[in-house]
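The values are calculated or read from the model by the stated rules, or taken from the named source; none is laboratory data. This is a predicted model, so every value here is computed, not measured. Cβ placement follows ideal geometry from the backbone for every residue including glycine, while neighbour counts extend to all protein chains displayed. For the accessible areas, the whole protein counts, side chains as well, though only heavy atoms, and no ligand, DNA or RNA atoms are used. Shrake-Rupley method; radii C 1.70, N 1.55, O 1.52, S 1.80 Å.
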Amino acid sequence: MLDANFNSWNMPAETVIYRIFYYINRARNGHLTLRELKRGNLIDAMQHADEEEDINKVLRYFSYEHFYVIYCKFWELDTDHDFLIDKENLIRYGNHALTYRIVDRIFTQIPRKFTSKVEGKMGYEDFVYFILSEEDKSSEPSLEYWFKCIDLDGNGILTRNELQFFYEEQLHRMECMAQEPVLFEDILCQIIDMIGPENESFITLRDLKGCRLSGSVFNILFNLNKFMAFETRDPFLIRQERENPTLTEWDRFAHREYIRLSMEEDVEDASNGSAEVWDESLEAPF
């Protein structure tokens, strides 16, 4: 049995472990059983890593580029670099893409109990679970994460009132940005059409897991940037998805962000006349 509770400052290795547990430890108890290992894809990923010279081509768990993106995102939000993030830090994620209501729900620790042990703060491990859920809402762990956030009374179903509660803030944000608002009644009809639930009066986790567009429903409810992108889908991006259907939403996001971060780093190095990646005065751990 592999235990997730360990103490190390080897951040790339820690990130790999967190990613493995995110996808494979479905019991969410911090331990991997033989049954979970057999049902997951970790053994195949390890074999791939053993055979592949370029670790960045091993997209499942081991890619250094993926780690780099996760860590840089965390470092950008952790402004005082104490390895803890509060609500105000997280609300800046993705250029203020998320609503206050969904961030509040994350910090209730309903979708996942924080490991930071500091009240009102999420640690690096907690952030890894968040970013994996946020950037690939089609995966089962992500659907479960966000379902718990929206299910305010914890009764296992999403009702009209719960959907409306989260969409209200989206509607307000659209109005503040002088965008043409989409009324909730229209959104509700769109969601029902997208999901096709067994009972149209509520949505279950089973309904969401059986629908390819489930992730877009959550974006509609609490991520305005992705909601707008969904409404005005780029034909170029659609073509890219069709050309590489094996890539996940996380793979695509990490690739884009790694290129962006690398370009920013090159510009900074050129302006500073330095090849240093990390500012040692900030005590980055590697």
Report task. Can you give me the number of residues within segment 174-189 that are over 24 Å from residue 159 (Cβ atoms) and part of a helix (DSSP H, G or I)? Result -> 2
Query raised in the report: Restricting the first residue to segment 194-207 and requiring it to be touching a residue at least 24 places away in the same chain (Cβ under 8 Å), which pairs with a second residue that is of a type in the set (S, T, N, Q) and part of a strand (DSSP E or B) meet a Cβ separation below 6 Å and a spacing of at least six or different chains?
Result: 202/159
Query raised in the report: Is it fair to say residue 69 is among the aliphatic types (A, V, I, L, M), under 26 Å from residue 162 (Cβ atoms), outside any loop (DSSP other than H, G, I, E, B) and open to solvent by less than 70 Å² (accessible area, probe 1.4 Å)?
Result: no
Requested in this report: Being in a helix (DSSP H, G or I) and touching a residue at least 40 places away in the same chain (Cβ under 8 Å) is the filter; apply it to segment 138-147 and report the residue that is nearest to residue 102 (Cα to Cα).
Outcome: 146
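Would you mind listing the helices (runs of 4 or more DSSP H) fully within segment 212-269 where at least 1 residues are at pLDDT 90 or above?
Output list reads 214-222, 224-231.
For segment 197-237, give me each residue that is of a type in the set (D, E, K, R) and in contact with a helix residue (DSSP H, G or I) (Cβ under 7 Å, 6 or more places away or on another chain).
198, 200, 207, 209, 226
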Report task. Answer yes if at least one residue in segment 167-187 is crowded, with 20+ Cβ neighbours inside 10 Å, under 14 Å from residue 215 (Cα atoms), out of contact with any Lys or Arg (no Cβ under 9 Å at 6 or more places or on another chain) and modelled with pLDDT of 95 or more, and no otherwise. Result -> no
Report task. Could you list all residues from segment 84-118 that are closer than 21 Å to residue 217 by Cα and among the hydroxyl-bearing types (Ser, Thr, Tyr)? Result -> 93, 99, 100
Query raised in the report: Identify, please: which residue in segment 80-120 is aromatic (Phe, Trp, Tyr) and assigned to a loop (DSSP other than H, G, I, E, B) and is, among those, nearest to residue 10 (Cα to Cα)?
Result: 83
Report task. Considering only residues that are of a type in the set (Gly, Ala, Ser) and within 21 Å of residue 67 (Cβ to Cβ), look in segment 12-51 and name the one that is least open to solvent (accessible area, probe 1.4 Å). Result -> 45
Report task. Kindly provide the set of residues from segment 149-167 that are of a type outside the set (Ser, Thr, Tyr), in contact (Cβ under 8 Å) with a residue 40 or more places away in the chain and in a helix (DSSP H, G or I), ordered by number. Result -> 149, 150, 160, 163, 165, 166
Query raised in the report: Can you pull out the residues in segment 43-66 that are assigned to a helix (DSSP H, G or I) and either free of Cβ contacts under 8 Å to residues at least 12 places away in the same chain or over 20 Å from the mean Cα position of the chain (by Cα) (or both)?
Result: 43, 44, 45, 46, 47, 48, 49, 50, 51, 55, 56, 57
Query raised in the report: Can you name the condition, by its number, that residue 18 falls short on among (1) in contact with a helix residue (DSSP H, G or I) (Cβ under 6 Å, 6 or more places away or on another chain); (2) at pLDDT below 95?
Result: (2)
